[in-house]
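Down below is the structure, laid out as structure tokens.
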Amino acid sequence: SLGFQDVLSNGRNSPVASYKKLQGWSSDQNKWNEKLYPFWEEDDLRWKDCWKGGKVTAKLVTDSPALVGSNVTFVVTLQFPKCQEEDNDGNIIYQRNCTPDSPASQDQYVYNWTEWIDSCSWENCTSNHSHNVFPDGRPFPHYPGWRRRNFVYLFHTFGQYHQTIGRSSVIFSVNTANITLGKHIMAVSIYRRGHSTYVPIARARTTYVVTGEYKIPIFVSMSQKHDRNISDSIFIKDSPITFAVKIHDPSYYLNNSAISYKWNFGDGSGLFVASSAITSHTYALQGNFTLNLTVQAIIPVPCRPVTPTPPLPTSAELILKLYIYFSSFNPTVTTEASSNSDSSATVETMEDNPDGGCHIYRYGYYRAGISIVEGILEVNIIQMTSIQMTESQAENSLVDFVVTCQGSLPTDACTAVSDPTCQVSQSVVCDPITTTDECLVTIRRAFDEPGTYCINITLGDDTSQALASALISVNGGKPAQRSSSGTTKGVFIFLGLLAVFAAVGAFVLYKRYKQYKPIERSAGQAENQEGLSAYFSNFKAIFFPRSTERNPLLKSKPGIV
């Protein structure tokens, strides 16, 4: 007769070993019900007819690696032949209009298991009662919806098996506390419901890893603002590098742990301990450096039971032991044991708890080599100049951008033209450039239409790049001379209009505020008034040739025109 090991190891027998029991799992030395669950070898011809319409494959994935003591999770997904799917009742049906040549009279169901179950219920059909059991004879669990789960999944690892029923996808987790460290194989065999027996349809295997207490699975990503290629481990001097640590803990085993990160950046800056998974560091020197990270997790666990230690021997016990020892050299001497011992209290020991709680330590390590080089740190647009054009060049507007940078000398320049919001890109132009001792570059770009544009200019070299942005308004493609002549004419027109308005304003003020003075006045006043009148008469003669004065007496005064 077959055992679970014979079936689930796919015929590859392995020597029986002593394994720690996994919770909820059974030994693979149990007997297998081959009549209800037939076993086929890999080359058995019956595999071709185990499923209508094609072949079913199983995909088994895991979230390994898993830290010892945490849970490792597995997911099995069945992939049906083309145009087949599982419906809400767990039946397998054909997809409608899957292919243009699908016959309209095609039966909806590939497997109508609902009809089988309804025609022979658990309570009224003894054959169904004997049918709903696992290969080891245990009945299916009766949780809600169990009758709509028409696949039997049998998992095998570490000399033990786990069995469950499900639909086209199953997920389950295993605690790794009793699994030895290292790589292991998880195998799964899947059976479908049949009329009288279960039919094997697919098998799958995958490797999972259990790491020890000094191997917390960690990953470190490094990024830098002006770094051109984040995957080459080459970074820029005098620019902060961001280090982000990701701990692989899908089962949340370390959720309640106190985690610390100890960094050594390898540049002589010393050790840096942080409680955050994200930190930054700036290298001030060029060269190659080795980065080291140690992650420590202090995990709270239930306290261990108190273990009594034997008390220290009393003086009487010590004398008795010495007497027995020396008496062993003389077999004729008889001894009588004395029970007069000191009943002192036993000493209790417990796991070392420096922080006052029961806990365990877990560690993870990361090491990487990085290179620090000179790079472009900053780019600035210091001048934008419109270029004068002739009539034949009037279709485009040319603008020169004068750009400076800090750091290393660039080897290429790219100009991206976007809408005023800098969101919608319109064109990108890149050109190689050559600089000498100073980073000062003039970039000329053409604009087809007038309008407002967002300009992004990027200067780069092999390892770094930096960007500067600006908004520019382009007036169109008219020649510069024509634009200057039009501006001059506008200035003269504006000044002429200003002079007219000034004259009208002076006239209105004169009419409103002028007054007649009495004729009788002193001689000094008469001389002053005559001089003032002559002045205003001359002013009026210049700006107002035609007099509007109605009093004929004033016409006889000298100096008034």
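The values are calculated or read from the model by the stated rules, or taken from the named source; none is laboratory data. Source: prediction; values computed, not measured. When we count neighbours, we look across all protein chains shown, and the Cβ atoms used for this are built from the backbone with ideal geometry, even at glycine. The protein model used for the area step is the full one, side chains on, heavy atoms only, and it has no ligands, DNA or RNA in it. Shrake-Rupley method; radii C 1.70, N 1.55, O 1.52, S 1.80 Å.
Quick rundown of the values:
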item: Checking PRO354 against (1) modelled with pLDDT under 85; (2) more than 40 Å from the chain's Cα centre (by Cα), the condition it does not meet; result: (2)
item: Residues satisfying the stated conditions in the stretch 57-74, i.e. of a type outside the set (Gly, Ala, Ser) and farther than 30 Å from PRO302 by Cα; result: THR57, LYS59, LEU60, VAL61
item: Test: VAL152 is open to solvent by less than 20 Å² (accessible area, probe 1.4 Å) and within 33 Å of the chain's Cα centre (by Cα); result: no
item: Selection from the stretch 67-94 of residues that are in contact with a Cys (Cβ under 7 Å, 6 or more places away or on another chain) and not in a loop (DSSP other than H, G, I, E, B); result: TYR94
item: Selection status of ALA297, assigned to a strand (DSSP E or B) and closer than 18 Å to HIS359 by Cβ; result: yes
item: When residues of the stretch 41-60 are limited to those that are surrounded by 13 or more Cβ atoms within 10 Å (Cβ to Cβ) and of a type in the set (A, V, I, L, M, F, W, C), the one farthest from HIS195 (Cα to Cα); result: LEU60
item: Checking ASP227 against (1) open to solvent by less than 20 Å² (accessible area, probe 1.4 Å); (2) at pLDDT 90 or above; (3) not assigned by the TED database to the domain that holds ILE93, the condition it does not meet; result: (2)
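To keep it simple, each residue is scored yes or no on (1) closer than 17 Å to ASP412 by Cβ; (2) over 28 Å from the mean Cα position of the chain (by Cα).
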position	(1), (2)
SER427	yes, yes
ARG444	yes, yes
GLU449	no, yes
TYR453	no, yes
THR463	yes, no
ALA466	yes, no
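Every residue, every condition in (1) closer than 25 Å to ASN132 by Cα; (2) not hydroxyl-bearing (Ser, Thr, Tyr), yes or no:
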residue	(1), (2)
SER27	yes, no
TRP47	yes, yes
GLY54	no, yes
VAL61	no, yes
GLY69	no, yes
THR77	yes, no
ASP87	yes, yes
ILE92	yes, yes
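Residue by residue, here is whether (1) open to solvent by 30 Å² or more (accessible area, probe 1.4 Å); (2) modelled with pLDDT of 95 or more; (3) assigned to a strand (DSSP E or B) holds:
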site	(1), (2), (3)
ASN255	yes, no, no
SER269	yes, no, no
SER280	yes, yes, yes
ALA284	yes, no, no
THR290	yes, yes, yes
LEU293	no, yes, yes
